[in-house]
Every structure is written in structure tokens, then in C-alpha cells.
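Below is one structure, written out as C-alpha cells, with a few remarks after it.
The values are calculated or read from the model by the stated rules, or taken from the named source; none is laboratory data. Note that the structure is predicted; figures quoted are calculated from it, not measured. Please note: Cβ atoms are built from the backbone with ideal geometry, for glycine as well, and neighbour counts cover all protein chains shown.
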Amino acid sequence: MEIPLFPLNVVLFPEGELKLRIFEPRYLDMVSNCLKNDRGFGICLLQEDTSKESSIDFFLMGSYAKIIDWDKMEDGLLGILVKGEKRFKVNSYSRNKDKLCIGNVDWLDEDDARIPDSYQNFSDLLKEIVTRYKLPIGEMKNRYEEANWVSERLAELLPFDLSVKQEILEMNSAIHRFDYMEDLLQKIDANKLI
């Protein structure tokens, strides 16, 4: 499937929300087309150090985002709120004459496993963070047993580098994500987060 791609300095996870300010003409046109046709676009993390030989300046795995709200901001720019829907891998891409990137993508399967008892501490950590900071996802009590959802919300909320968040996004198994985050949390001392 072909979708427009929006390389950004952010990692969006499925079901995560992100506010964006749109000002470049190519992205204003993209947003207009997405709204008219009830379609979304792909968000990919920009690569920091790209060599001059490589034409790819973004990671080839990202999340498909749908616009759920929009408004004209005080500074006159277009503000949109998007929500991640599913992950994808870019097989190939091209650029339009206005430099908008169009990617041919494959959708990636999501793991819908429940959190095993031995990983329940991740659900507990997410609950503590959500309660402490009064985050709106606290109302989604039935989701705290879903391994994928918990791993993605933690990856969004914890102070990991963008490259680490990208690695987590690219993992197909929530259990692998938990194992990876366990090592990182020991290094940053998770008790200081809550």
C-alpha cells in the first residue's frame, strides 16, 4: 500500500497521540488530502547521522497516523492531533515534485498477548506513572493486562533516547520489549521516575 510519509524527530507508537504544527506547503497539502479522503500518513523517525552516500534520512519502520482533531493556532499555523494506528515497514519510496515522500509499505502484525505474571511489574509501573501524573489513560483499566499496549505506553512515557524508542517500536514481541526495558530501567533506576 502507498502512503505519504512524514519524517519527524519523534517516535509514535500505535494508539499514541501526538500534536503537530504544520507549516510546510507539502505537508499542508498532505494534511488537506488526508482530511478530504479520511486517510492517514506514516510517521518515521529522522536519522541523526546520515552519510552523504545514503539518500535515506529516516528509519524504514514507523507508525500510521490518523488525524483526530485540527485547529488554526494563534500563530496562524495549522495544528493537528494524530493518533497512531498500526506499525509499518517501508519497502520502497519516492518523492513527488514537491518533495513529499510516498512510501510503499507493509503493515506489521501486532502481538495481542496478555501480560504473563512474571512481567506484571511493568503493568504496575505504568499504573504508578499514570496515577502520579494524572494521565488520561488511567481510565483504561481493562488495558493494563494487554502486553503490547502496556509496553508501548511505557516506551512513550519513560525517558528513553529516541533511538531506544525506535528499537522498541521495531520489536514484534511485547515480551522482548519488556526484557529490553528491564535492562534500561535498572540503569536509570525506575524508582526515581515515580
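From the list L126, L100, L162, pick out the single residue that is surrounded by 13 or more Cβ atoms within 10 Å (Cβ to Cβ) and more than 28 Å from P4 (Cα to Cα).
Working: L100 fails: more than 28 Å from P4 (Cα to Cα); L162 fails: more than 28 Å from P4 (Cα to Cα).
Exactly one of L126, L100, L162 is surrounded by 13 or more Cβ atoms within 10 Å (Cβ to Cβ) and more than 28 Å from P4 (Cα to Cα), namely L126.
Is there a residue in the range 119-133 that is of a type in the set (S, T, Y) and out of contact with any helix residue (DSSP H, G or I) (no Cβ under 9 Å at 6 or more places or on another chain)?
Filtering the range 119-133 for residues of a type in the set (S, T, Y) gives 119, 123, 131, 133.
With out of contact with any helix residue (DSSP H, G or I) (no Cβ under 9 Å at 6 or more places or on another chain) added as a condition, the list becomes none.
Looking through the range 119-133, none of the residues is of a type in the set (S, T, Y) and out of contact with any helix residue (DSSP H, G or I) (no Cβ under 9 Å at 6 or more places or on another chain).
Can you confirm whether D106 is over 22 Å from Q166 (Cβ atoms) and outside any helix (DSSP H, G or I)?
Values: over 22 Å from Q166 (Cβ atoms): no; outside any helix (DSSP H, G or I): yes.
Spelling it out, it is not the case that D106 is over 22 Å from Q166 (Cβ atoms) and outside any helix (DSSP H, G or I).
Going residue by residue through the range 137-152, is there one that turns out to be among the hydroxyl-bearing types (S, T, Y) and under 21 Å from F13 (Cβ atoms)?
Taking the range 137-152 as the starting set, the residues that turn out to be among the hydroxyl-bearing types (S, T, Y) are 144, 151.
Pick out the ones that are also under 21 Å from F13 (Cβ atoms) and you get 144, 151.
Yes: one or more hits.
Based on this model, can you work out whether G138 counts as of a type outside the set (A, V, I, L, M), modelled with pLDDT under 95 and either surrounded by 11 or more Cβ atoms within 10 Å (Cβ to Cβ) or not in a strand (DSSP E or B) (or both)? I'd like the intermediate steps shown before the answer.
Details: of a type outside the set (A, V, I, L, M): yes; modelled with pLDDT under 95: yes; either surrounded by 11 or more Cβ atoms within 10 Å (Cβ to Cβ) or not in a strand (DSSP E or B) (or both): yes.
Answer is yes for this residue.
Test V164 against the criterion of being of a type in the set (A, V, I, L, M, F, W, C) and either more than 24 Å from E48 (Cα to Cα) or touching a Pro at 6+ places or on another chain (Cβ under 6 Å) (or both), and give yes or no. Explain how you work it out, then say what you get.
Working: of a type in the set (A, V, I, L, M, F, W, C): yes; either more than 24 Å from E48 (Cα to Cα) or touching a Pro at 6+ places or on another chain (Cβ under 6 Å) (or both): no.
Considered against the rule, which asks whether it is of a type in the set (A, V, I, L, M, F, W, C) and either more than 24 Å from E48 (Cα to Cα) or touching a Pro at 6+ places or on another chain (Cβ under 6 Å) (or both), V164 comes out as no.
Within the range 74-90, can you find the residues that are more than 30 Å from E182 (Cα to Cα) and surrounded by 11 or more Cβ atoms within 10 Å (Cβ to Cβ)? Can you show your working first?
Initially, the range 74-90 is screened for residues more than 30 Å from E182 (Cα to Cα), giving 74-81.
Matches in the range 74-90: L77, L78, G79, I80, L81.
Would you call S63 outside the structural domain of L185 (by TED's automatic domain parsing), among the hydroxyl-bearing types (S, T, Y) and more than 16 Å from E152 (Cα to Cα)? Step through it out loud before you land on a result.
Working: outside the structural domain of L185 (by TED's automatic domain parsing): yes; among the hydroxyl-bearing types (S, T, Y): yes; more than 16 Å from E152 (Cα to Cα): no.
Against the criterion (outside the structural domain of L185 (by TED's automatic domain parsing), among the hydroxyl-bearing types (S, T, Y) and more than 16 Å from E152 (Cα to Cα)), S63 does not qualify.
Yes or no: R95 among the basic types (K, R) and within 23 Å of R153 (Cα to Cα)?
On the way: among the basic types (K, R): yes; within 23 Å of R153 (Cα to Cα): no.
Criteria not met by R95.
Please name all residue pairs, on different chains or six or more residues apart, with Cβ atoms under 9 Å, provided the first residue is in the range 143-165 and is free of Cβ contacts under 8 Å to residues at least 12 places away in the same chain and the second residue is surrounded by 22 or more Cβ atoms within 10 Å (Cβ to Cβ) and assigned to a helix (DSSP H, G or I).
R143/W149; R143/V150; R143/R153
Looking at M140 and the list (1) among the aliphatic types (A, V, I, L, M); (2) more than 25 Å from K19 (Cα to Cα); (3) free of Cβ contacts under 8 Å to residues at least 12 places away in the same chain, which single condition is not satisfied?
(2)
Report, ordered by the first and then the second residue, all pairs with beta carbons closer than 7 Å, sequence separation of six or more or different chains, a first member in the range 16-40 that is within 14 Å of V82 (Cα to Cα), and a second member that is among the basic types (K, R) and not in a helix (DSSP H, G or I).
E17/K83; G40/K66
Can you tell me how many residues within the range 24-45 are more than 24 Å from A174 (Cα to Cα) and surrounded by 12 or more Cβ atoms within 10 Å (Cβ to Cβ)? Write out each step before concluding.
Initially, the range 24-45 is screened for residues more than 24 Å from A174 (Cα to Cα), giving 24-41.
In the following step, the residues that additionally are surrounded by 12 or more Cβ atoms within 10 Å (Cβ to Cβ) were identified as 24, 26-35, 39-41.
So the count comes out to 14.
Which residue, of N96, N104, is closer than 29 Å to H176 by Cα, in contact (Cβ under 8 Å) with a residue 40 or more places away in the chain and of a type in the set (S, T, N, Q)? Please lay out each step first, then the result.
On the way: N96 fails: closer than 29 Å to H176 by Cα.
The unique qualifying residue is N104.
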